[in-house]
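Participant: Take this structure first; my questions come after.
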């Protein structure tokens, strides 16, 4: 079996720190540009890093090792390879190949280059070539099959890469269409809500109770649909990378206090005590006040939705390290560990039901998190089933430039 086998691979010499000192052979130059003075680990896919450390340890503890499957990060794709290692006076020799046939060819070449390790290399060759107690000259079919399967795997991986690119393109297109559709629906539904509100206010005395309920239902349904469409528009823009922030220097304490006052009416309807505390008189941040109000409305309304009557929700503003932190703490239903991972995913619904049947479409928290991220901050959650929930919004203070 000669070195002209069509599959790819490479042989490198590394020092004991894992730095490449010599490239003996590299037949993957189009996909993998190896360079001396670089750490070999830098060429691996991140997921293979832990495996590489174990491989590295086994080479030095046993003198040699073989049959380690790891992935290298090529120019355009991740490439799976089989690795073997051999201790050398100057460090270690690493061999990587797509097929068993290629690995054997590399060992044949090493026999010529490294007379000091001939017996070890030949021993490793025997381990590779011994399949079902048959030497390769007696039956070459197992190696051919392995090579064929490797090639099929690589072809499948390339097809998956192409498919993923196409799916990303279609996803962007889908979000654009969704945004256009939501935008077209917004005006007529807004009109329905506005006219139903006029009917509700002006015809109270001239229509019976049943007719009043019908108009109230129309108004509530159109109001819910309008909010849903606004969320669709927001999430569509965010998913295609079009989140626009109109920042200006804003007193965060005043902004939060005002938002809590607005939400007091909703809280009072459920007999919930909504309180506000700020641990700084003035806290100036460079933020988009409209978008941050959207974040606060979502967090506070969620706490109200999942809280019991005669319970308390506390909204606090603190400074922790270099961040301004807004806390929204309730005594409500809490969230299970399984559901916490779903909270910030668009259209995801947790199993926790609101205390009075309030509706939600599973978009608010996803939008809120993206807005916080756009400000260089984040949203975190601490919760335990039956013991309430705490949402924390962190915003960097240093970004104000003040």
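Every number in this text was worked out from the coordinates using simple rules, so none of it is lab data. Not measured: the values here are computed from a predicted model. Because the Cβ atoms are built from the backbone with ideal geometry, glycine has one as well, and the counts that use them run over all protein chains shown.
Participant: Order of 47-53, 333-339, 373-379 by packing, highest average Cβ count within 10 Å first?
Facilitator: Numbers: 47-53: 14.3, 333-339: 15.9, 373-379: 17.9.
In descending order of packing, they fall as 373-379, 333-339, 47-53.
Participant: Return the distance in nm (one decimal) between the two label points of a simple spin-label model at residue 154 and residue 23, each offset 7 Å from Cα along Cα→Cβ.
Facilitator: With each label point 7 Å from Cα toward Cβ, the separation is 1.7 nm.
Participant: So if we plug the beta-carbon distance of residue 225 and residue 53 into 1/(1 + (r/R0)^6) with R0 = 35 Å, what FRET efficiency do we get, rounded to 0.05? Mind showing how you got there, number by number?
Facilitator: On the way: r = 55 Å, r/R0 = 1.57.
E between residue 225 and residue 53, to the nearest 0.05, is 0.05.
Participant: In nm, to one decimal, how far is the modelled label at residue 77 from the one at residue 254, with both set 7 Å along Cα→Cβ?
Facilitator: That separation, rounded to one decimal, is 5.9 nm.
Participant: Cut-off 16 Å, label point 7 angstrom out along Cα-to-Cβ of residue 271: give me the residues of the stretch 304-321 whose amide nitrogen falls inside.
Facilitator: 307-313, by backbone N distance to the label point.
Participant: Take residue 62 and residue 171, extend 7 Å from each Cα along the Cα→Cβ direction, and tell me the distance between the two endpoints in nm.
Facilitator: 3.9
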